[in-house]
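A quick write-up on the structure given underneath.
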């Protein structure tokens, strides 16, 4: 009698072993697939965060702290150019130590000047087409704040000032720059009006003083 296993039984055992191996391989492939999906999601999330940070740096740099060295541009003279390549502004430090900012029109003519003198006193000038300063605002060395209005020829015609002692003054001049009227209020509140054309000539002799009925 032959004790060897039946051919059918051998085939069933082999088939089960093959099926077990196939199922194990499928489970391994599924685990690899799930791990790959997780890595892809993490990669996509990281890429999205990177793009968001890049957008913030480009369009809203103030929201993200950066090193000071990346925000500082150093130089002694800067020029602002228009779309046509023409100079429309200049900013720099002059040889006398003053800082100057000049804004130009399309003809490259200065129209607005901002200046801080080397001694630290600031000023601003509005300039017309002919290069004349029509309005000037400045803080003088004696701490007087002055606003000057000039005519087309550059002659000061009106001056408004406030001294360090809180004295306010307003002076008007004619076309030759001669003062014709002035008024002011002292620090104690007393007001005064000056009309130079109505003042008595101090050089008049006693004869003129004694003339009368």
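Residue count for segment 117-147 under the criterion of being exposed (fewer than 13 other Cβ atoms within 10 Å of the Cβ) and either more than 17 Å from residue 97 (Cα to Cα) or in contact (Cβ under 8 Å) with a residue 60 or more places away in the chain (or both): the result is 5.
When you scan segment 153-171, do you find a residue that is closer than 29 Å to residue 84 by Cβ and either in a strand (DSSP E or B) or touching a residue at least 24 places away in the same chain (Cβ under 8 Å) (or both), even just one? Checked segment 153-171: no residue is closer than 29 Å to residue 84 by Cβ and either in a strand (DSSP E or B) or touching a residue at least 24 places away in the same chain (Cβ under 8 Å) (or both). Looking only at segment 121-131, residues that are in a loop (DSSP other than H, G, I, E, B) and at pLDDT 90 or above come to 2 in all.
When the residues of segment 162-181 are filtered to those that are touching a helix residue (DSSP H, G or I) at 6+ places or on another chain (Cβ under 8 Å) and surrounded by 15 or more Cβ atoms within 10 Å (Cβ to Cβ), the one that is farthest from residue 140 (Cα to Cα) is 181. Restricting attention to segment 176-213 and to residues that are in contact with a strand residue (DSSP E or B) (Cβ under 8 Å, 6 or more places away or on another chain) and under 20 Å from residue 151 (Cβ atoms), the residue that is modelled with the lowest pLDDT turns out to be 197.
Taking the conditions (1) part of a strand (DSSP E or B); (2) within 22 Å of the chain's Cα centre (by Cα) in turn, residue 135 satisfies each one other than (2). Every listed requirement among (1) in the same structural domain as residue 143 (by TED's automatic domain parsing); (2) more than 22 Å from residue 136 (Cα to Cα) is met by residue 109 save one, (2).
The values are calculated or read from the model by the stated rules, or taken from the named source; none is laboratory data. None of the values given here were measured: they were computed from a predicted structure. Cβ sites come from the backbone with ideal geometry, for glycine too, and all protein chains shown count toward neighbours.
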